[in-house]
1. Being at pLDDT 95 or above, in contact with a helix residue (DSSP H, G or I) (Cβ under 7 Å, 6 or more places away or on another chain) and surrounded by 11 or more Cβ atoms within 10 Å (Cβ to Cβ) narrows it down to one residue among 119, 95; which is it?
2. How do the helices (runs of 4 or more DSSP H) wholly within segment 70-170 filter down when requiring 2 or more residues that are more than 14 Å from the chain's Cα centre (by Cα) and over 18 Å from residue 204 (Cβ atoms): which remain?
3. Given the residues 51, 9, which is the only one that is under 18 Å from the mean Cα position of the chain (by Cα), closer than 21 Å to residue 209 by Cα, surrounded by 10 or more Cβ atoms within 10 Å (Cβ to Cβ) and in contact (Cβ under 8 Å) with a residue 40 or more places away in the chain?
4. Go through segment 173-203 and give me each residue that's closer than 25 Å to residue 4 by Cβ and not in a strand (DSSP E or B).
5. Just need a number here: residues in segment 157-210 that are closer than 23 Å to residue 94 by Cα and out of contact with any strand residue (DSSP E or B) (no Cβ under 8 Å at 6 or more places or on another chain).
6. Regarding segment 28-35, can at least one residue be identified that is outside any helix (DSSP H, G or I) and surrounded by 14 or more Cβ atoms within 10 Å (Cβ to Cβ)?
7. Looking at (1) within 15 Å of the chain's Cα centre (by Cα); (2) farther than 23 Å from residue 98 by Cβ, can you tell me which one residue 15 breaks?
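The values are calculated or read from the model by the stated rules, or taken from the named source; none is laboratory data. The shown structure was predicted, so the numbers you read here are calculated from the model rather than taken from an experiment. Positions of Cβ are generated from backbone atoms using ideal geometry, with glycine treated the same way; all protein chains shown enter the neighbour counts.
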């Protein structure tokens with residue numbers, strides 16, 4: 001079910017899908033595409049099949065057109081007709097994507113949980129850990145994880161040291177807002193503005209290259 005489609009910063013489009021369909025129902029929407037049936041037959045997990053199909057239903061619904069998603073060797077998705085740059089994320093029963101006709105994009109969505117708390121030393125520098133507030137620790141750390149995942153996707157470099165090469169400036173988490181960040185893993189060393197929304201269960205973060 002389409003939850004939301006909206007135009008966001010710099011002409012990008014974001015959309016969200018809640019998976020309340022079965023595999024057969026999603027395949028029906030996709031006209032029982034033989035290539036998709038063959039692809040999902042290789043997935044052992046029902047959850048993976050649902051995510052894969054829901055992503056394609058969401059894309060076609062947003063653009064009111066049938067598009068084909070392929071993947072680079074790095075695992076990054078792209079549209080075979082090159083009509084839009086795309087980034088995709090999913091967590092639990094939610095799928096989201098961001099599109100832009102010319103600019104690179106990155107998106108991530110995560111359920112707010114203790115996971116980011118447990119692994120914070122693996123993806124944050126000590127300076128970043130130090131500005132996290134105990135009162136909002138789970139949400140702020142989830143936002144930091146999402147922010148670095150979105151950067152990883154937009155940079156599209158296979159090996160990145162999240163703690164040392166992706167740096168997020170201090171921020172106070174609200175229900176929505178922006179975060180400043182910088183990458184040190186390419187010769188460009190670009191700065192990014194990362195936007196976010198916090199829902200009762202999840203955080204969604206996205207960025208659009210200047």
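1. Numbers: 119 fails: in contact with a helix residue (DSSP H, G or I) (Cβ under 7 Å, 6 or more places away or on another chain).
The conditions single out 95.
2. Numbers: elements: 115-118, 120-123, 126-131, 137-155, 162-165.
Per the criteria, 115-118, 120-123, 126-131, 162-165.
3. Working: 51 fails: closer than 21 Å to residue 209 by Cα.
It is 9.
4. Let us first name the residues in segment 173-203 that are closer than 25 Å to residue 4 by Cβ, namely 173-179, 181, 192-203.
Within segment 173-203, 173, 174, 175, 199, 200, 201 qualify.
5. Residues flagged as closer than 23 Å to residue 94 by Cα and out of contact with any strand residue (DSSP E or B) (no Cβ under 8 Å at 6 or more places or on another chain) within segment 157-210 amount to 2.
6. Applying the first criterion (outside any helix (DSSP H, G or I)) to segment 28-35 yields 30-33.
Those left that are additionally surrounded by 14 or more Cβ atoms within 10 Å (Cβ to Cβ): 30, 33.
Taking every residue of segment 28-35 in turn, at least one turns out to be outside any helix (DSSP H, G or I) and surrounded by 14 or more Cβ atoms within 10 Å (Cβ to Cβ).
7. The single condition residue 15 does not satisfy is (2).
Quick grid of which residues meet (1) at pLDDT below 95; (2) in contact with a helix residue (DSSP H, G or I) (Cβ under 7 Å, 6 or more places away or on another chain); (3) within 30 Å of residue 18 (Cβ to Cβ):
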{"residue": "111", "(1), (2), (3)": "no, no, yes"}
{"residue": "131", "(1), (2), (3)": "no, no, no"}
{"residue": "142", "(1), (2), (3)": "no, yes, yes"}
{"residue": "149", "(1), (2), (3)": "no, no, yes"}
{"residue": "180", "(1), (2), (3)": "no, no, no"}
{"residue": "197", "(1), (2), (3)": "no, no, yes"}
{"residue": "201", "(1), (2), (3)": "yes, no, yes"}
{"residue": "210", "(1), (2), (3)": "yes, no, no"}
